[in-house]
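The values are calculated or read from the model by the stated rules, or taken from the named source; none is laboratory data. Only a predicted model underlies this, so the values are computations on that prediction, with no experimental measurement involved. Counting neighbours? That spans all protein chains shown, and the Cβs are built from the backbone with ideal geometry, glycine included. Ligands, DNA and RNA are excluded from the accessible area calculation, which covers all protein heavy atoms including side chains. Shrake-Rupley method; radii C 1.70, N 1.55, O 1.52, S 1.80 Å.
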Amino acid sequence: MASAIYYLFLSLFTVICFVPFAVLFALTVFFDKERVALHWASRVWSYGIFRLCPLWKLRVEGREKIDRSRPWVIVTNHQSMLDIPLMYVL
């Protein structure tokens with residue numbers, strides 16, 4: 001039952017976020033070629049998804065091992081539909 005309630009709130013939150021994000025896209029599509037503004041908005045949506053469920057705790061381990069002077073590829077295993085929002089949060 002808790003999962004159904006969470007997915008209901010997730011769906012409502014996503015629908016509510018869609019309209020302002022669509023407007024943001026329409027306003028920035030010609031000027032923001034790298035989609036920085038839309039990426040920022042997607043990160044806000046992702047953080048919201050993980051904040052909707054108070055039972056979830058997001059913990060990232062090993063962040064100190066990342067050498068930021070080199071490029072990295074992070075790959076998910078797609079075991080849930082939350083992999084994409086999780087990648088935005090990371």
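Some points to look at:
- Candidates F21, F31, F13: whichever shows maximal mean-square fluctuation once the chain is modelled as a Gaussian network with Cα springs under 10 Å: F31
- Within the stretch 51-90, the percentage of alpha carbon pairs spaced more than 16 angstrom apart rounds to 49%.
- Most mobile listed residue (V44, V15, V60) in the chain, GNM with C-alpha springs under 10 Å: V60
- Pairs of Cα atoms nearer than 8 Å and 6+ residues apart set the relative contact order; for the chain it is 33 percent.
- Calculated diffusion of the stretch 23-76, Stokes-Einstein form, Kirkwood radius summed over Cα pairs, 37 °C and 0.692 mPa s, µm²/s: 231
- With Cα atoms as the point set, the radius of gyration and Dmax of the chain evaluate to 15.5, 46 Å.
- Cα point-scatterer Debye curve for the stretch 1-42, base-10 log of I(q)/I(0) at q = 0.15, 0.22, 0.33 Å⁻¹: -0.46, -0.69, -1.04
- Alpha-carbon centroids, the stretch 1-48 and the stretch 58-84: separation in whole Å: 21
- Carbon + sulfur, % of accessible area of the chain - ligands and nucleic acids excluded, 1.4 Å: 67
- The stretch 44-85: trypsin sites (Lys or Arg not before Pro) falling in loop per DSSP and having at most 12 other Cβ within 10 Å: K57, R59, R68
- Distance (nanometres) between label positions extended 7 Å along Cα→Cβ at R63 and T76: 1.8
- Solvent exposure of the chain amounts to 84 Å² per residue of accessible area, where only protein heavy atoms count and the probe is 1.4 Å.
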